[in-house]
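Worksheet: the structure to be examined is printed underneath.
Throughout, read-outs are computed from the coordinates displayed, never taken from laboratory work. Model, not experiment: these values are computed from the prediction. Methodologically, a virtual Cβ is constructed for each residue, glycine included, from the backbone with ideal geometry; neighbour enumeration extends over all protein chains shown.
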Amino acid sequence: MCGIAGVIHRDGEADIGQEMVQMLQAMKHRGPDSTGYALYAPPTEGIVIRFKLADANDARDFEFGERLERHRNEVEARLGKIGATVERMEGDTEYAFRARVRYTGDIKALADYLEDVPGCEVLSIGTSLEIVKDIGDAETVAGMYHLGGFRGTHAIGHVRMATESDVDISGAHPYWAYPFSDVAVVHNGQLTNYFHWKRRLERSGHRFQSECDSEIIAVYLAEKMAAGASLESAMKQSLDDLDGVFTYVAVTSDSLGVAKDEMAAKPLVLFESENLVVLASEEMAIRAIIDHEIDTYDPYEGQVLVWSR
């Protein structure tokens, strides 16, 4: 079933970490297996990398901590070899890590280079974007990664009920549009031409970290935007190119957009004011962070809506 949510503050920063926790926890019944967040803060110097070296459900042998620390040191040593400086940041777990890196080279080469370290999977690289996802409900994951105090401008989130893949971090959403900086997607539904687009994008030189169709959408949009399209025009084109029943939310460093296929079978409701847009699979998630009377509405079938800061 799954549940998706998004929020954008168009005029400044807010406690978006806590807002997303409350929204996703309100939809826990839609996806108890894993929870994920794509959080956006104003750009700072350098880029932020989120990566994992193991999964929450991996066997904890007696070398687990020592081995992962060794591999983390190897990641940092590799960054040093290419002239990047590394600053460790709060928000680590036993197996997933966060670092600010001063690096100006090619992001794809950087991600591929780091993933040569055993067990390393880069979850996101961005000047604004950070992706956090793990097994458990919204409050559990937020507590593990200290997300309650995260301040930023916009965010999306996902609660997952696993139906076709393992319950692990790699199968959790959102997905970063590897290797494009600061683009991410959450999605409720199914693409019926998934394999067509996966092969087509792979022929263009892209590779994928999962078998999830949400990742296809993210890379599809990012490729269009890299060729000069706006987020809105890329999303509108996706309604012609992507077949299936779906509602998805896409984010960039300064925008948030939603698209519904022409059947509009997957639910989404939204609230919009002058400076705030909040959307979710269920209205109860919106009301979890807005404590006054509001009017909400559903996007039409085949509609694309985009809001920018």
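Brief remarks on what is shown
- The lone exception for residue 299 - which of (1) assigned to a loop (DSSP other than H, G, I, E, B); (2) more than 22 Å from residue 8 (Cα to Cα) it fails: (2)
- Taken over region 1-36, the residue count meeting the criterion of being among the hydrophobic types (A, V, I, L, M, F, W, C), crowded, with 24+ Cβ neighbours inside 10 Å and assigned to a strand (DSSP E or B) is 4.
- Pairing residues of region 179-200 that are assigned to a helix (DSSP H, G or I) with residues that are of a type in the set (Val, Ile, Thr), at Cβ distances under 7 Å and at least 6 apart in sequence or on separate chains, gives 194/216; 197/216; 198/216.
- For the condition surrounded by 23 or more Cβ atoms within 10 Å (Cβ to Cβ), at negative phi and either touching a helix residue (DSSP H, G or I) at 6+ places or on another chain (Cβ under 6 Å) or in contact (Cβ under 8 Å) with a residue 60 or more places away in the chain (or both), residue 167 does not qualify.
- Taking the criterion of being surrounded by 15 or more Cβ atoms within 10 Å (Cβ to Cβ), assigned to a loop (DSSP other than H, G, I, E, B) and not hydrophobic (A, V, I, L, M, F, W, C), the residues of region 76-93 that qualify are 91, 92, 93.
- Note on region 74-120: among residues that are small (Gly, Ala, Ser) and within 19 Å of the chain's Cα centre (by Cα), the one that is farthest from residue 132 (Cα to Cα) is 111.
- Residues of region 135-150 satisfying the condition of being of a type in the set (Gly, Ala, Ser) and surrounded by 23 or more Cβ atoms within 10 Å (Cβ to Cβ): 138, 142
- Taking (1) surrounded by 20 or more Cβ atoms within 10 Å (Cβ to Cβ); (2) under 14 Å from residue 307 (Cα atoms); (3) touching a residue at least 60 places away in the same chain (Cβ under 8 Å) in turn, residue 232 satisfies each apart from (1).
- Of all the residues in region 37-74, those that are assigned to a loop (DSSP other than H, G, I, E, B) and not basic (Lys, Arg) number 16.
- Boolean, residue 167 is part of a loop (DSSP other than H, G, I, E, B) and within 13 Å of residue 32 (Cα to Cα): yes
- Residue count for region 42-75 satisfying the condition of being charged (D, E, K, R), surrounded by fewer than 17 Cβ atoms within 10 Å (Cβ to Cβ) and in contact with a strand residue (DSSP E or B) (Cβ under 8 Å, 6 or more places away or on another chain): 1.
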